[in-house]
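The values are calculated or read from the model by the stated rules, or taken from the named source; none is laboratory data. All values derive from a computational prediction rather than experimental measurement. Backbone-built Cβ (ideal geometry, glycine too); neighbour counts: all protein chains shown.
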Amino acid sequence: MALLQDLMDAYQGKIVKPSDALLHKTTTLLQDGMNARAFGEFEKPKALGDARWTDELILSTWYMAETGEVPDNLNFKTGESDGGFDRLDFQFLQEGDWLEHSEAIDTKLPLNRRGDGKNEIEIDIPWYGGGMSYGSVSVNVMMSRARNAKHWNTLMSTGEGGYPPELYEVKESVITQVATGYFGVEEETIQAAPIIEFKYAQGAKPGLGGHLLAAKAGEEVAKLRGSVPFVSLFSPFPFHSTYSVEDHSKHLDWIETVNPKALLSVKVSTPHDVDMVAVGSYYAGAHIIHLDGGYGGTGAAPEIAKKNIAMPIELAIPKVHKFLQKEGVRDKVTLIASGGVRTADDIAKAIALGADGCVLGTTDLVGMGCTRCSNCEGGPSGRGCPWGLTTTDIELQEWVQQDWGARRLDNLYAALQWRLRDILRKLGLSNVRELRGRTDLLSYIPKEAGE
Amino acid sequence: MLESAAHVGLQASDGPLSLDKFGTESARIGREVADGYHRYHIDTEEVDDVNPLPHRFLVTVGKVGLAKLISKEALTYFRPWDPHFDVILSRPCTYGVFSGPLGGFIPRPKLCVGCLRCEVQHPEFVKVLPNPDLAKMGDSYTTHGHIAAIDEEAKKGMVPVRGQGYRGRFGGPGFDGMLTDMSEIVRPSRDGIHGRELIGTAVDIGSKPMHLSFDSDGKLSGSTPEMFTIQVPFIFDLPPGNLDSTRLAEVVESTSRGIDTLACLDAHTVARNRLDAPNVVPVLDNAEASRASEFPRARLIELRSTPGRPWGWDAGGFDLAREVSDAIIGIRIHFEEGWQERMIKAVESGAKVIHLLADLHGRGSDGTFVTELFKEAHMLLLEQGRRDTVTLLGGGGIVGADHVPKAIISGLDAVALDLPVLFALQGRSNGSLRQRAKVDGTLPRELDQEWAEQRLTNLCGSWRDQLLEILGAMGIREVRRLRGEFGRSMVVRHLEDEAFEGIAGYVGGGC
């Protein structure tokens, strides 16, 4: 009878934690499959990719995550969105004037420019990992990213979903996010972090708050968020204690009291007055202004919000950069850009437009297998990502094992850094900080007649 | 009785109202008023498909390859004492594509969401392809993406929510070149899923006087408001092309009544089917203006130019219609050469509602897109100090939920829906969808009234909720305040000019 029951359960696809044999089989098939695709052993899947993340961009990211190198037969630089980063290029020097490709090309980025005695944090690469909450992704994904961040002496944000205990082992690389629902915001999690990130808004859904669908708010997720399992969880918009820059300043003061050494990051989206918001945040005490553009990723957002509200990051960076310069505070604050930053080329372009560095989110997920099928919020199955990324489903989350995930991200970051150095040397720059605001090193690819 | 009680009309049921009863009684009445308050809401309910769209994806599985895999896995994993059914029968799909009675041998592509896990996991014998039948739907403006979104909205009545970010092109032509603004912290209101305060979507149809006049007794004299209110800033327009039918007229009439909006219907259809009602807008040719008297219940009647007559403003028809009907008489004006003059003449003659029409790609006859045309109409009236005396309705090119707020920002009071009705009802089209008169559409053969009403109601509920999201993000409390608020929008072309100015090769102007 037990055998028959096992057979029926398997036939009906009963959801349980996978056995070792199933885990081995599935992860092997998935990893082998990604490897084969990355190396072009099969034709590109016809249904893969979109204008922002083309099939080649996804497969090249897989290649980089497999090898730590950039591919020579796939476009790993741009998408086909017909604007923004995809229409910008670099004005490289003549080949004879290029610098040697070497580790001496400096990619470090200091994050505290206020000289106020708080944490002097310098990351080795000019990007860090964006917030993805526990609940929107699994602990395995969080830990893969956090361990990789530690390895690269950079950072990763918790997102707003609490602080799984596993994160304490890499706490020096983990930013604690404080968002409008205050999920997981506790004295301990504030004190553990080198940087506290206030999330005012998210580029993919500016002005709309957050929403974790009930199906993904399982027992562990609910426990960390201080909630009831399988109940939808909203992060309202905006902070209901913040209706002015003065209120915002009080927020930052509160964190300073709890963790006097922490740097303060303010994450905002990109409305027309984003320049004013940035300056206001600086005067309120922010060390980092983090702009999240309208083409950014999300675990769930109304489709109408993704493109139509607020501006793409490419258009917001120069606006804020120039305004901070005009106000005379540009060198006292770190400007970080996210929301549609996909590649090393995008990172370099964002910096040339005026950012100091970038935040990556979707790129990390693509590196671990994401095909951008848009079912992160649960999809028709209600279980979340079939690749095991944006899910806490007891079976699916096992498809991403921490060692494997961290290794892929390590490789990916190595390739990104290599390409960033490649760009810098071809521009004759020995330091990524020299690239900031150098729009003279960019060119715009004009549209052909009839395009 | 207490004087204060008399002022508010309180009457205790058991005799004069004493001071100690006053509080209780006023609280009771207050509660009754509160309980009786109906917050406007569109009741949506998921309905089944009767003519489903083609699947998004096609899934092919090589039978031999699958058989080989199963055999190999059975040999590898099966042990009588530990048969590993979970491994042997595991499927690379969480959506059930391979969970039919015969598993992967007969896949179920309608369940495929395109995650491609199966194709990555088993590249030797599984392929997922975009379905060309879906891609063929619509035309260059109303794409299969618009049609699929409308279909989903009409089916579920919900705001479409997905993971991952935006997947399309950067900016784009038409409505895609406009972004709406948001407010980072200063927020007077928030509705929708968090629902603390009301955001109003009601709009007024008709005319407001620019000022009020009072006589020596303090009573109103002079002009008074001549308008009525509908609850959503969209109405149903005349069905384009060959879609005008009694069946469809009955569906849009009853739906518009249910959600408190308007349905423009051909006057002959209205008369023939006795559909005269406050929510129905009979549309008459100018030459038939005298027939306006046949629709005593209509609050708005629209006049259109008579086919075959020279293009121009026909004051005679307008005056005649006003003479024989108490309804507000609106004028339909196509964006063709001389539309500005015609509009101004109509307004000068007393027209309170102007219904502007572009082609179904949102273009005027000179190729200008509706965002510019609506803005020009709005500004013309504004410059003349007449904007609040006229309601601007407009249509053409409105095929997505985001087009509604963008058209209103451009200057309209409310938008008119045409093609979305066809696709909400799972109709199909053949050929170009540009010219209204030439739309060749087919509605499902069995158009059940209840089903169709619910589909249209769902579409309206979804679009209204999406409008609330946009308004909520801006911190705007009512859609009336969005009209002509160009400052709450951003034009990608202008932003690019500001951001990329000085970059080699950038010439501006969207080039």
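Structure notes:
- Total residues in region B:200-219 satisfying the condition of being under 21 Å from B:Thr391 (Cα atoms) and not small (Gly, Ala, Ser): the figure is 9.
- Where a residue in region B:498-509 is more than 7 Å from chain A (Cβ to nearest Cβ) and its partner, wherever it lies, is in a helix (DSSP H, G or I), with Cβ under 6 Å and at least six apart: B:Gly508/B:Asp497
- Pairs where the first residue, in region B:101-119, is under 17 Å from A:Glu43 (Cβ atoms) and the second is of a type in the set (Val, Ile, Thr), C-beta under 6 Å, 6+ apart: B:Leu116/A:Thr371; B:Leu116/B:Val128; B:Cys118/B:Val126; B:Glu119/B:Val126; B:Glu119/B:Val128
- The residues of region B:351-406 that are closer than 16 Å to B:Glu337 by Cα and touching a Pro at 6+ places or on another chain (Cβ under 8 Å) amount to a single one, B:Phe369.
- Exclusive hit being modelled with pLDDT of 95 or more, among the hydrophobic types (A, V, I, L, M, F, W, C) and within 30 Å of A:Thr257 (Cβ to Cβ), set A:Ile121, A:Ile105: A:Ile121
- Residues located in region B:456-497, provided they are closer than 25 Å to B:Phe228 by Cβ and either basic (Lys, Arg) or without any contact (Cβ under 8 Å) to a residue 60 or more places away in the chain (or both): B:Arg464, B:Arg477, B:Arg480, B:Arg481, B:Arg483
- Among residues of region B:86-126 being facing chain A (nearest Cβ under 10 Å) and touching a His at 6+ places or on another chain (Cβ under 8 Å), the one that is farthest from A:His24 (Cα to Cα) is B:Cys112.
- Hey, B:Ser223 polar (S, T, N, Q), over 30 Å from B:Glu45 (Cβ atoms) and touching a Leu at 6+ places or on another chain (Cβ under 9 Å) or not: yes
- Given (1) in a helix (DSSP H, G or I); (2) aliphatic (A, V, I, L, M); (3) in contact (Cβ under 8 Å) with a residue 24 or more places away in the chain, number of the condition A:Val341 does not satisfy: (1)
- Identity of the residue in region B:8-38, modelled with pLDDT of 80 or more and either part of a loop (DSSP other than H, G, I, E, B) or of a type in the set (Val, Ile, Thr) (or both), that ends up farthest from B:Val159 (Cα to Cα): B:Thr24
- Of the residues making up region A:393-439, those that are in a loop (DSSP other than H, G, I, E, B) and within 14 Å of chain B (Cβ to nearest Cβ) are A:Asp393, A:Ile394, A:Glu395, A:Val400, A:Leu427, A:Gly437, A:Arg438.
- Among the residues making up region A:228-278, those that are within 14 Å of another protein chain (Cβ to nearest Cβ), aliphatic (A, V, I, L, M) and either surrounded by 14 or more Cβ atoms within 10 Å (Cβ to Cβ) or part of a helix (DSSP H, G or I) (or both) are A:Leu233, A:Val245, A:Leu252, A:Val266, A:Val268, A:Val274, A:Met276, A:Val277, A:Ala278.
- Scan region B:49-78 for residues that are of a type in the set (Asp, Glu) and touching a residue at least 40 places away in the same chain (Cβ under 8 Å) and the total you get is 1.
- Options B:Leu495, B:Leu447, B:Leu471: the member that is at pLDDT below 95 and either surrounded by fewer than 24 Cβ atoms within 10 Å (Cβ to Cβ) or not hydrophobic (A, V, I, L, M, F, W, C) (or both): B:Leu447
- Residue in region B:389-399 that is buried (at least 19 other Cβ atoms within 10 Å of the Cβ), out of contact with any strand residue (DSSP E or B) (no Cβ under 7 Å at 6 or more places or on another chain) and in contact (Cβ under 8 Å) with a residue 40 or more places away in the chain present: yes
- Condition broken by A:His287, with the remaining ones in (1) crowded, with 24+ Cβ neighbours inside 10 Å; (2) farther than 16 Å from B:Met490 by Cα; (3) within 12 Å of chain B (Cβ to nearest Cβ) satisfied: (3)
- The number of residues in region B:168-184 that are buried (at least 20 other Cβ atoms within 10 Å of the Cβ), on the phi < 0 side of the Ramachandran plot and facing chain A (nearest Cβ under 7 Å) comes to 7.
- Within this structure, B:Gly163 passes the test of being buried (at least 18 other Cβ atoms within 10 Å of the Cβ), at the interface with another protein chain (Cβ under 8 Å from one of its Cβ atoms), of a type in the set (Gly, Ala, Ser) and farther than 30 Å from A:Lys447 by Cβ.
- Test result for A:Ala300, facing another protein chain (nearest Cβ under 7 Å) and of a type in the set (A, V, I, L, M, F, W, C): yes
- Residues that are at the interface with chain A (Cβ under 9 Å from one of its Cβ atoms) and either hydrophobic (A, V, I, L, M, F, W, C) or closer than 27 Å to B:Leu382 by Cβ (or both) within region B:468-497 comprise B:Ile470, B:Gly472, B:Ala473, B:Met474, B:Gly475, B:Gly487, B:Arg488, B:Ser489, B:Met490, B:Val492, B:Leu495, listed in sequence order.
- Scanning region A:51-110 for residues that are small (Gly, Ala, Ser) and more than 14 Å from every other protein chain (Cβ to nearest Cβ), we see that the one that is surrounded by the fewest Cβ atoms within 10 Å (Cβ to Cβ) is A:Gly96.
- Among the residues making up region A:234-270, those that are more than 22 Å from B:Gly475 (Cα to Cα) and touching a His at 6+ places or on another chain (Cβ under 8 Å) are A:Leu263, A:Leu264, A:Ser265.
- Checklist (1) buried (at least 21 other Cβ atoms within 10 Å of the Cβ); (2) within 20 Å of B:Asp204 (Cβ to Cβ); (3) not aromatic (Phe, Trp, Tyr) applied to B:Pro278, failing item: (1)
- Residue within region B:262-272 that is assigned to a helix (DSSP H, G or I), touching a residue at least 40 places away in the same chain (Cβ under 8 Å) and under 21 Å from B:Val439 (Cβ atoms) present: no
- Selection of region A:116-145 for residues being touching a strand residue (DSSP E or B) at 6+ places or on another chain (Cβ under 7 Å) and over 29 Å from A:Ala284 (Cα atoms) yields A:Gly135, A:Ser136, A:Met142, A:Arg145.
- Enumerated strands (runs of 3 or more DSSP E) restricted to region B:317-421, each holding at least 1 residues that are modelled with pLDDT of 95 or more and more than 30 Å from B:Val159 (Cβ to Cβ): B:328-334, B:353-357
- Only residues that are within 28 Å of B:Asp285 (Cβ to Cβ), aliphatic (A, V, I, L, M) and either more than 20 Å from the chain's Cα centre (by Cα) or assigned to a loop (DSSP other than H, G, I, E, B) (or both) were counted across region B:196-231, and they come to 1.
- Positions within region A:13-34 being assigned to a helix (DSSP H, G or I), facing another protein chain (nearest Cβ under 8 Å) and without any contact (Cβ under 8 Å) to a residue 60 or more places away in the chain, in sequence order: A:Ala21, A:Leu22, A:Lys25, A:Leu29, A:Gly33
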